[in-house]
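Okay, structure first, notes after.
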Amino acid sequence: MDNHDQLPKAIIVIFGATGDLAKRKLFPSIYQLYQNGRIGNDFAVVGVARRQWTNDMFREKVCESIVEAGSPEDVCDRFTSHFFYQPFDVTDTTSYQNLNHLLGQLEATYKTEGNRMFYLAMAPEFFGTIAENLQAHDLKESPGWTRLVIEKPFGHDLKSAIALNEDIRAAFNEEQIYRIDHYLGKEMVQNIEVIRFANGIFEHLWNNRFIANIQVTSSETVGVEERARYYDQAGAVRDMVQNHMLQMIALLAMEPPIKLTTDEIRSEKVKVLRALRPVKPEQVDDYFVRGQYGAGEMNDREVPGYAEELGEASNTETFVAAKLMIDNYRWAGVPFYIRTGKRMKAKVTKIVVEFKDIPMNLYHANGAKKQPNLLVITIHPDEGVTLHLNAKKPGTKPESKPIQLAYTHDADNAINTPEAYEKLLYDCMLGDATNFTHWDEVALSWAFIDSISQAWKNQTVDFPNYSAGSMGPDAAERLLEEDGFHWWHVTGKNEK
C-alpha cells in the first residue's frame, strides 16, 4: 500500500466519459479530491468515448458537472485544465495507439510517475475487449502502477461472471483489478466494522446467544425510468441483492479479522458467503419474496406501475425480501432479513439489530408491550447510529418506556464526509483494495443467487403485488411473522 502521507499521482482514463456515471459521480468526486487537497496538481484525466468531442467541449461538460454538484464556477478553468478528451472506438487498434501516445505526453507534463488508472464506466460487454487491448498495446506497461476499475454488473450469473473474469484476468492480475461497489464507499457502511470491533458493549453480544435477528433495508422511491430495458434483464435480485445487500451482510456477520488489512478483511467476508445456507429451487418461496410495483401515489402525485413504464407485461421483480441463514458457530439460528425495492415509501438504507429479551423482564408483565433493545445503523439519509433502550416512565408506577440514544454523523460539522465514489477513487490511487470486491466474493454471491433466479425464471407470478408508495408486498411481512418477528419501521412512519 502506498504512503498515505504522500499525495497520489496518476492519470485516470475514463472509458465512457460522456455517460451519466462520469457526469454525476466521477467528475464531482475527482473535483472534491482536488479541492480537499487529497490530490495535488500531479494528475490528469483522459476521457474516451465514441462522441467526436474536443478537449474544450469535454472541459465544458466537466465544468457543468461540478457546478451542478454544488462547486463554484470560478474554479472550473484551473481544475478542468487537467482534463483531456480522445474520440475512441474500443475495437479499433488505432484508438489504443493514439491513447498510449497521449498518455506518454501527459506523464511527462504532469509528472505522474507512470501511474495509470483505467476506469471502465461503460457496458460490461466491452470489459474483456478493453482489457485485452490495453495489454496488447502496452498501455498497462508503465514505470508506475496500473489498475483497472470495473463497475457492476460483473456478469449476470455465475457462468457469465467466470467468462468475464477469465477475459480480464488474461490481461490483469487480481491485485490490479478493482471491482467497485459504491455501497462499500459509504461512510456508515465502513462504520459497521468500527461499531463492532471498537466497542466491547457490542462485539461481546454479537452472536446467536444475544441477537434475535438482523434486518437490512435498502429502499428507493424512484422507478426504473430510463434504465427500464437494462433493469428488465436484471431485476432487483441481480441489481441489488447479489452485490450491495450481500456485501452488507458479510460485514455484519464476519469474524474479527486478525489485522485491518485488505487480505484479512476479505478473507473473513468470504467465510460468511461460504457459510450462507444454499436455497434449493423448491425452497425459494420459504426464504424469498418478490414483488413488482403497480400504479400508486407518491408525493401527492399518481405514478405508473412498472409494466406501464416498460410498455409491456413483465415477470421481472422490482422488490425482493429474503431470510438468509448463516450456518456457522456464531450465527446458527439467527435470521438475517433483507429487503430492497423500487417505488417504495422512502429512500432509506438502514440496518436494525434486534437483541433478544432478557429471560425474565419484569417490566413486560401485565401485558405491557415488548420493547426490545435495537441497534439501528442508518446508511442513508441522516447517517448515524441509534441505540434503543428502556428507561423508567415518569410517575409512581414501575413502568418502562423506550428511549433513544442517537449519534447523527451529518450533525458532526467537523467531518467532511467523502462521497462514496470520492473515497473509492482515492483508495484505488493509494492501492487500498479493502473496500472493493474480490473475485471470490463475486463468485460466491452469484453461486448463491443463481438458484433463486433459476427458480423464479420457471414460475409466473401475479404482478403487480404492491403499490407504488408502499413498503412492498404483504408477503414480505408474513416472511417475518412466521418466525415471530416484524419489520421495524425505518421511515419513522407507519410503513404499510
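Taking only the C-alpha atoms of the stretch 97-147, Rg followed by Dmax gives 11.4, 34 Å. The order of Thr408, Thr349, Thr262, going from fewest to most other C-beta atoms within 10 Å of their C-beta, is Thr408, Thr262, Thr349.
Order of Glu268, Glu297 from fewest to most other C-beta atoms within 10 Å?
Least crowded to most crowded, the residues run Glu297, Glu268.
Cross-link pairs exceeding 18 Å in C-alpha to C-alpha distance, out of Lys323/Lys457; Lys9/Lys423; Lys9/Lys111; Lys350/Lys423, comprise Lys323/Lys457; Lys350/Lys423.
Cβ neighbours within 10 Å, averaged per peptide: list 457-465, 445-453 in order, most packed at the top. If you can, show how the numbers build up before the last one.
Working: 457-465: 12.7, 445-453: 19.7.
Top to bottom by mean Cβ count within 10 Å: 445-453, 457-465.
Amide H contacts of Thr112 (H built 1.01 Å from N, in plane; Pro and chain starts excluded): no residue 5 or more places away or on another chain comes under 5 Å. Across the stretch 331-348, computed HN-Hα scalar couplings (Karplus, 6.51 cos²θ - 1.76 cosθ + 1.60, θ = phi - 60°) run 10, 3, x, 9, x, 9, 9, 10, 8, 8, x, 9, 6, 9, 4, 9, 8, 8 Hz from first to last residue, x flagging Gly and Pro. The H on the amide N of Val46, modeled in the peptide plane, is under 5 Å from the matching H of Ile12, Val13, Ile14, Phe84, each at least 5 residues off or on a different chain.
Where a ≥ b ≥ c are the square roots of the eigenvalues of the C-alpha gyration tensor, would you call the stretch 154-294 rounded, which needs a/c under 1.5, or, failing that, prolate if a/b is larger than b/c, or oblate? Here the stretch 154-294 falls in the oblate category. Taking the stretch 467-481 and a reference point 7 angstrom along Cα→Cβ of Thr221, the backbone N atoms nearer than 16 Å belong to 468-472. Taking 0.36 nm per residue of sequence separation and removing the Cα-Cα distance, the Tyr230/Val75 pair yields an extension gain of 52.2 nm. One equal scatterer on each Cα of the chain, no solvent, Debye formula: the resulting log10 I(q)/I(0) at q = 0.08, 0.10, 0.12 Å⁻¹ is -0.54, -0.84, -1.18.
Each Lys or Arg adds one and each Asp or Glu takes one away; over the other residues whose Cβ falls under 10 Å from the Cβ of Thr146, this sums to +2. Using only Cα positions of the stretch 10-151, each an equal point scatterer, no hydration layer, compute I(q)/I(0) via Debye at q = 0.09, 0.16, 0.18 Å⁻¹ and quote the log10 values to two decimals. For the stretch 10-151 at q = 0.09, 0.16, 0.18 Å⁻¹, log10 I(q)/I(0) is -0.24, -0.80, -1.03.
What full-extension length gain, to one decimal in nm, is calculated for Glu282 and Arg169 as 0.36 nm per residue of separation minus the Cα-Cα distance? Mind showing how you got there, number by number?
Values: separation 113, 0.36 × 113 = 40.68 nm, distance 3.57 nm.
Extra length available between Glu282 and Arg169 comes to 37.1 nm.
In this simple spin-label approximation, Ala198 and Lys457 carry label points 7 Å from Cα along the Cα→Cβ vector, and these lie 4.5 nm apart. With the helix formula -39500 (n - 2.57) applied to DSSP H stretches of n ≥ 4, the chain reaches a computed 222 nm mean residue ellipticity of -9500 deg cm²/dmol.
The slack between Ala447 and Gln135, meaning 0.36 nm per residue of separation minus the straight C-alpha distance, is 109.4 nm. Using Cα centres only, tell me the gap between the stretch 178-254 and the stretch 421-496 in whole Å. Cα centroid to Cα centroid, the span is 8 Å. Partners of Lys393 within straight-line reach, counting lysines whose Cα lies under 17 Å from its Cα and excluding those fewer than 8 residues away in the same chain: Lys369, Lys370, Lys401.
Determine the alpha carbon to alpha carbon distance for each of Lys61/Lys347; Lys23/Lys342; Lys25/Lys347; Lys140/Lys271 and list only those over 26 Å. Each step should come with its number before you reach the end.
Numbers: Lys61/Lys347 29 Å; Lys23/Lys342 23 Å; Lys25/Lys347 19 Å; Lys140/Lys271 33 Å.
In this structure, Lys61/Lys347; Lys140/Lys271 lie more than 26 Å apart at Cα.
Relative to the longest principal axis of the Cα atoms of the chain, helix 439-457 runs at roughly 60 degrees. In sequence order, the stretch 22-38 has phi-based couplings of 4, 5, 7, 10, 6, 4, x, 5, 5, 4, 4, 4, 5, 5, 8, x, 8 Hz under the Karplus curve 6.51 cos²θ - 1.76 cosθ + 1.60, θ = phi - 60°, and Gly or Pro positions carry x. A simple rule links phi to the HN-Hα coupling: the Karplus curve 6.51 cos²θ - 1.76 cosθ + 1.60 with θ = phi - 60°, which for the stretch 373-378 gives 6, 10, 10, 10, 10, 9 Hz, with x for Gly and Pro.
For His380, His204, His182, what ranking results if the residue with the fewest other Cβ atoms within 10 Å of its Cβ goes first?
His204, His380, His182
Laboratory data are not the source of any read-out in this text; all were calculated from the coordinates shown. Just so you know, these numbers come straight off a predicted model, no measurement behind them. Ideal geometry is used to build each Cβ from the backbone, glycine not excepted, and the neighbour counts take in all protein chains shown.
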